[in-house]
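Notes follow once the structure below has been shown.
The values are calculated or read from the model by the stated rules, or taken from the named source; none is laboratory data. Not measured: the values here are computed from a predicted model. Backbone-built Cβ (ideal geometry, glycine too); neighbour counts: all protein chains shown.
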Ligand SMILES: Nc1ncnc2c1ncn2[C@@H]1O[C@H](COP(=O)(O)OP(=O)(O)OP(=O)(O)O)[C@@H](O)[C@H]1O
């Protein structure tokens, strides 16, 4: 019962082979009713079975059982795949015309039709097709990185709509189907059938039952019981128009229409049909409208007629490239629709620009800033392909992986660039060498930065107006909030840009948003920081750490904050790298408040004199202290400029890594096997007003250098180690540090000795007792553990 009955299989419909805008007898598409389960259980003779890769299988499980109500997306995903396949063959044919084939095969189009008796939907493209190997790999055995990421999203209750962004759009067909056949013909192979009921496996067999496709892919979708709504022309038409309007290839839908046929002229009809066909071949481009006209002409004949069903191909999209139109003639809605077609995103773009560049290098472009960053955008950032921007040459899609078109840090930008200046029939490698690309890239960067700048300026304006309570001429709520959204999603890209793009560094710095000691929970700009600078302040101060709280409470900032200087709080791992490239802004130097040599600019002569005196008074102490700490990384012990109430602080050498940077690099050294980490130089700064420091100074003064007692030495070391901790460093020798703390505790508690009396042979002495407890342990294991924890 599992053998194939070739006659029961619906053939690829004649309508496909006979080209578009032709009419066929409607009955020809009505096949014998064939139950889905029959089809699904069929195993073709000689078919090979393959198991889906485990994650793909899980993904399909989720999809086929999904209660997700928006099942429409499957059609968008399949049309998008068809369009990609057409782009690929068109590109190949640029350098090898023979690839395109002849006659029907050369028609780069997508056709959709229904077999409403069998509830089967067909989608067919004349794209590049898939070889047997492609079918096995692309549709089931090789999981893409997006597969597991998408699964994870779905588990978290993510939106099925995002499927295209994860590169697994094909499988969405199982939202509406319980059996799918993919028939594909690639120029390098014979025609194959891939088939699966999404039960963990798929079969591949050479196609001996369907009509030859010439080239391309036909997807037969056996609709599920609960997805019958897709078995109507009207629904399909609506979906294609909604989702796929801007696909750059014609999409035809087969429709059935009732027409009047003159009764007496039955005999002549055959002849007439032939004439019609010939006429249509001549007027190929004009399409469906002509048919309507002809029908009308026929109607006008005052003869007896009868109704007849005819099948026609309706063109559903106006596939003229949207970027060729004048911006003033394109509506916002159309731009957003086109955005969804190029980006595989389902939400609206945040902002966009459409322009035409003239001069030596001519091109048109539409550039979009998405409103959400892709789930893995910043993972493996430097290794990934950049595929947001599509390059076209004279309307022909060339590539969507062109580093030469846009710098990496702006690779979140989606859209198209279409140039008439670039040569059309050269290889991708040759094209990458084209000097014109450099000009295009430069302009693209400027345009993108312009849109971002505009959003940023609007935000700043709104904020200023809000502070002043002004409302007249205030931008809309939406416009005011745009930059905030952008920063949240792509702020890191601006930072990466500062590292990567020295030409635009200053422009990018203007777009930075930071938290500061005065900004509360709002972000602020560098310009706003500068406008609040104290009189005489020459530098922009910042400190980086793991969290805003940690930074705000750092001893490094005591004096700065007390004196009313504003300090930028950096908490992103990237921030200090960025500051390594951004040395100044608007003639103000950036100063890391955790580095040696922090100079406050508002000291007067009296204060300077006092500093000198203090230095002199504490000279012996600082010299001795450095010696007694005995840490090769400790460069010096100095009187501090920055402390108010803390006894001491450890700062990094001017060119060394800050505590925060050490923390980050340590983490990276551990995460990358074989990585190493070398900490930099440090300086201990002491607070000359603090009682502990003063006491230490007095103790030292009372003794000669050789007679300083152990306690004083331990205190000096302990102060250093505590300062290391408080300053965000990790003490190198935790053992000696804790020994010193215990020793202090010993004094506090009035204990004479810390020696512990150990009973070495305790266990050996009482073997019977040990046995008894061993038995008990079986039932009560968790308890001793819990107790031990409590003690800790
Ligand atoms: N109509 C088709 N013609 C040729 N190849 C196809 C077709 N449909 C799918 N493929 C191949 O199968 C692969 C997997 O398709 P799938 O839709 O799952 O992912 P994708 O197209 O890479 O990404 P997305 O989901 O974003 O469209 C494609 O990359 C393509 O190589």
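Do you know which residues across segment 303-325 are over 43 Å from the mean Cα position of the chain (by Cα) and surrounded by 17 or more Cβ atoms within 10 Å (Cβ to Cβ)?
Residues satisfying the conditions are 310, 311.
Yes or no: residue 93 part of a helix (DSSP H, G or I) and more than 10 Å from the ligand (Cβ to nearest atom)? I'd like the intermediate steps shown before the answer.
Details: part of a helix (DSSP H, G or I): yes; more than 10 Å from the ligand (Cβ to nearest atom): yes.
So residue 93 passes the test.
Considering only residues that are surrounded by 14 or more Cβ atoms within 10 Å (Cβ to Cβ) and without any contact (Cβ under 8 Å) to a residue 40 or more places away in the chain, look in segment 400-410 and name the one that is nearest to residue 447 (Cα to Cα).
Filtering segment 400-410 for residues surrounded by 14 or more Cβ atoms within 10 Å (Cβ to Cβ) gives 400-402, 404-410.
Then keep just the ones that are without any contact (Cβ under 8 Å) to a residue 40 or more places away in the chain; that gives 400-402, 404-405.
On the way: 400: 19, 401: 20, 402: 18, 404: 16, 405: 13 Å.
Selected residue: 405.
Within segment 563-578, is even one residue buried (at least 16 other Cβ atoms within 10 Å of the Cβ) and over 32 Å from the mean Cα position of the chain (by Cα)?
There is at least one residue in segment 563-578 that is buried (at least 16 other Cβ atoms within 10 Å of the Cβ) and over 32 Å from the mean Cα position of the chain (by Cα).
Could you please let me know if residue 154 is within 11 Å of the ligand (Cβ to nearest atom) and either assigned to a helix (DSSP H, G or I) or modelled with pLDDT of 90 or more (or both)?
Working: within 11 Å of the ligand (Cβ to nearest atom): no; either assigned to a helix (DSSP H, G or I) or modelled with pLDDT of 90 or more (or both): yes.
No: the conditions fail for residue 154.
Looking at (1) assigned to a helix (DSSP H, G or I); (2) surrounded by 18 or more Cβ atoms within 10 Å (Cβ to Cβ), can you tell me which one residue 397 breaks?
Of (1) assigned to a helix (DSSP H, G or I); (2) surrounded by 18 or more Cβ atoms within 10 Å (Cβ to Cβ), only one is false for residue 397: (1).
Kindly indicate which of 163, 183, 136, 128 is assigned to a helix (DSSP H, G or I), crowded, with 23+ Cβ neighbours inside 10 Å and within 13 Å of the ligand (Cβ to nearest atom). Lay out the reasoning, then the answer.
On the way: 183 fails: assigned to a helix (DSSP H, G or I); 136 fails: crowded, with 23+ Cβ neighbours inside 10 Å; 128 fails: assigned to a helix (DSSP H, G or I).
Going through 163, 183, 136, 128 in turn, just one is assigned to a helix (DSSP H, G or I), crowded, with 23+ Cβ neighbours inside 10 Å and within 13 Å of the ligand (Cβ to nearest atom): 163.
Would you mention how many residues in segment 73-82 are crowded, with 23+ Cβ neighbours inside 10 Å and within 10 Å of the ligand (Cβ to nearest atom)?
Here the count works out to 4.
Would you confirm, using the coordinates I've provided, whether residue 70 is part of a helix (DSSP H, G or I), modelled with pLDDT under 90 and surrounded by fewer than 18 Cβ atoms within 10 Å (Cβ to Cβ)? So that I can check it myself, show each step before the final result.
On the way: part of a helix (DSSP H, G or I): no; modelled with pLDDT under 90: yes; surrounded by fewer than 18 Cβ atoms within 10 Å (Cβ to Cβ): yes.
It is false that residue 70 is part of a helix (DSSP H, G or I), modelled with pLDDT under 90 and surrounded by fewer than 18 Cβ atoms within 10 Å (Cβ to Cβ).
Tell me whether segment 464-478 contains one or more residues that are assigned to a helix (DSSP H, G or I) and touching a residue at least 12 places away in the same chain (Cβ under 8 Å). Walk me through it before giving the result.
Taking segment 464-478 first, the residues assigned to a helix (DSSP H, G or I) are 464-468, 477-478.
Retained after the next criterion (residues that are touching a residue at least 12 places away in the same chain (Cβ under 8 Å)): none.
No, there is no match, as no residue in segment 464-478 is assigned to a helix (DSSP H, G or I) and touching a residue at least 12 places away in the same chain (Cβ under 8 Å).
When the residues of segment 197-226 are narrowed to those that are farther than 17 Å from residue 122 by Cβ and within 16 Å of the ligand (Cβ to nearest atom), which ends up surrounded by the most Cβ atoms within 10 Å (Cβ to Cβ)? Give the derivation first.
As a first pass, look at segment 197-226 and keep what is farther than 17 Å from residue 122 by Cβ: 197-206, 208, 225-226.
So of that shortlist, the ones also within 16 Å of the ligand (Cβ to nearest atom) come out as 198, 202, 204.
On the way: 198: 23, 202: 26, 204: 22.
So the residue we want is 202.
Can you tell me how many residues within segment 696-721 are closer than 21 Å to residue 610 by Cβ and under 57 Å from the mean Cα position of the chain (by Cα)?
Taking segment 696-721 as the starting set, the residues that turn out to be closer than 21 Å to residue 610 by Cβ are 696-698, 701.
Imposing the further condition that a residue be under 57 Å from the mean Cα position of the chain (by Cα) reduces the set to 696.
Residues in segment 696-721 being closer than 21 Å to residue 610 by Cβ and under 57 Å from the mean Cα position of the chain (by Cα): 1 in total.
Residue 520: within 34 Å of the chain's Cα centre (by Cα) and at positive phi, yes or no? Show your work before the answer.
Numbers: within 34 Å of the chain's Cα centre (by Cα): yes; at positive phi: yes.
Criteria met by residue 520.
Tell me whether segment 449-463 contains one or more residues that are closer than 24 Å to residue 166 by Cβ and either in contact with a helix residue (DSSP H, G or I) (Cβ under 7 Å, 6 or more places away or on another chain) or in contact (Cβ under 8 Å) with a residue 12 or more places away in the chain (or both). If you could, list the steps in order and put the result at the bottom.
Residues of segment 449-463 closer than 24 Å to residue 166 by Cβ: none.
No, the conditions are met nowhere in segment 449-463.
For the structure I just gave you, tell me whether residue 417 is part of a loop (DSSP other than H, G, I, E, B) and in contact with a helix residue (DSSP H, G or I) (Cβ under 9 Å, 6 or more places away or on another chain).
no
Please list, ordered by first then second residue, the pairs with beta carbon atoms under 7 Å, 6 or more apart or interchain, first in segment 82-99 and in contact (Cβ under 8 Å) with a residue 24 or more places away in the chain, second within 13 Å of the ligand (Cβ to nearest atom) and part of a helix (DSSP H, G or I).
Filtered contacts from segment 82-99: 99/89; 99/92.
Being surrounded by 22 or more Cβ atoms within 10 Å (Cβ to Cβ), modelled with pLDDT of 95 or more and more than 13 Å from the ligand (Cβ to nearest atom) is the requirement here; does residue 194 meet it? Steps first, please.
Numbers: surrounded by 22 or more Cβ atoms within 10 Å (Cβ to Cβ): yes; modelled with pLDDT of 95 or more: yes; more than 13 Å from the ligand (Cβ to nearest atom): no.
So residue 194 does not fit the description; no.
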